[in-house]
Amino acid sequence: MRIGIFTDTYPPFINGVSTSIAMLENALQKLGHQVFIVTVNPEDMHYRMEKEDRIIRLPGIPIGIYDYRLTGVYPIKAISKIKEWNLDIIHSHTEFGVGTFARIMARQLDIPIVHTYHTMYEDYVHYITKGYFDAPSKKIVEHLTKFYCDKTVTELIVPTKKTYDLFKEKYEYTRNIHIVPTGVEVERFYREENDSKETDKIRKSLGILKSDFVLLFVGRLAEEKNVTFLIDNQEKLVKKNPKCKLLIIGDGPDIDKFKAQAKKLGIEKNVIFTGKIPWIDIHKYYQIPQVFVTASHTETQGLTLLEAMAASVPVVGYDDEAFRDVVIPDLNGYLFKDNDDYIEYIERIMKDKKLLERLSRQSRINAESHSAKYYAERVLDVYNTALDGTTSGGEKKTFVSTMKSVVKKGLHGK
């Protein structure tokens, strides 16, 4: 099969969507399929081709959120190259920017388009509105999401039941929804596949002793990830066990705020910030901790949890529906509802070596069912469903008229 993946984020961007797309690309190729990428130039406003004309980089425009770029520029030479690829199917991973281009090309080429919904946009509106017009803005996001995911695609993929419920219950989506949890290249994270000497070297550079009990968080350092919760509770844990350290990997707009918080609490030596770590090296850092922690309420799935489990690291995470399919209490970790739960679970694991060993073994076993190969096979099933059904078509409304309708509905709260 000749597959065109359209995405706003792709390596060298570092985030969960970018990682999942690179993993899917590799897994599909290993299964014998040809994969072509249409994405954004992460550096400037120039068009370029990469990897023997298999990757198109469209001019990228900074949008003021982290280092993300979007595009509304679709050069004729890009359209010509995509036609030359002779695609069987298009798989979109974004609703806007390159996602719009995916829908245009699907209609022009008269081929099916599969879409994966990755982001709960309503949780991120505040970055644009800065606190103003949040309610109407969320309504606009809802209408845009329903339009992009319903009127313009052949089949829809979501990673969890949490996202499925959003579409079925709130958005009243009536078409097919395929729940396909995103996979992980689990082999990269296996303990036996990593050099223990390299792990010791990294541990030493971070000032972490082998006798320390390390909690790990990996993710964007921003308000919606609720890192404040982890740092506040770290103070309580350190008072009982000075060897407990919180290792925070990632970057974001609130990193300085979190560093200041740790310093104010007097635990800056027990809260270690690494900054951004390249995806190619991240697996090495998962070999350090005893437990992976997250208090985020806004995930659609949480790939970092699966990466941790593949490294035999159990998870203590917030009791969010996105995590319930992954974390099974007292089997491979725990789900907490409040501060007391969190402290109790961490201390329970810290004090009981046999419990930690059992949770670690089971984490590794459970992670194997989320392999990249299994994920790619599930996605291929959706592709075949799309190919067996009707082509993309969609409504005949023009894009401009649809946007006007969406904005009008959003501003009036209807």
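The values are calculated or read from the model by the stated rules, or taken from the named source; none is laboratory data. In this text the structure is predicted, and so the values were computed from the model without any measurement. Neighbour counts run over all protein chains shown; Cβ positions are idealised from the backbone, glycine included. Side chains included, ligands, DNA and RNA excluded: accessible areas come from the protein's heavy atoms. Shrake-Rupley method; radii C 1.70, N 1.55, O 1.52, S 1.80 Å.
Averaging sequence separations of C-alpha pairs under 8 Å and six or more residues apart, then dividing by the length of region 304-360, give the relative contact order as a whole percent. So the answer I get is 36 percent. Relative to the Cα centre, the charge distribution of region 167-220, modelled as +1 at Lys and Arg Cβ and -1 at Asp and Glu Cβ, gives a dipole magnitude of about 220 debye. About the centre of its Cα atoms, region 234-364 shows a dipole size close to 780 debye [charges on the beta carbon of Lys, Arg (+1) and Asp, Glu (-1) only; nearest 20 debye].
Take each peptide in 291-298, 104-111, count the other Cβ atoms within 10 Å of every residue, and average; sorted highest first, the result is 291-298, 104-111.
Suppose the chain between Lys263 and His297 were pulled fully straight at 0.36 nm per residue; how much longer would it get relative to their current alpha carbon spacing?
Additional length available on full extension: 9.7 nm.
In region 333-374, the portion of solvent-accessible area held by carbon and sulfur atoms comes to 48 percent [1.4 Å probe, whole percent, DNA, RNA and ligands not counted].
Counting heavy atoms of the protein chains alone, Asp256 has an accessible area of about 110 Å² for a 1.4 Å probe. Taking each of Lys170/Lys257; Lys162/Lys245; Lys210/Lys240; Lys236/Lys259 in turn, the alpha-carbon distance tops 25 angstrom for Lys170/Lys257; Lys162/Lys245. Once you reduce region 315-377 and region 166-204 to the center of their Cα atoms, the two points are 13 Å from each other. Accessible surface for Lys225 stands near 20 Å², nearest 10, in the context of the full protein assembly shown (1.4 Å probe). Using a probe of 1.4 Å, the accessible surface attributed to Phe273 totals some 40 Å² when neighbouring protein chains are kept in position. In this structure region 1-114 gives 39 Å² per residue of accessible area when probed at 1.4 Å with all protein chains present.
Bridging of Lys264 to aspartates and glutamates at a Cα separation below 14 Å is possible for Asp232, Glu235, Asp256, once same-chain residues fewer than 8 apart are set aside. By accessible area, using a 1.4 Å probe on protein heavy atoms only, region 257-326 has 50% of its surface on carbon and sulfur.
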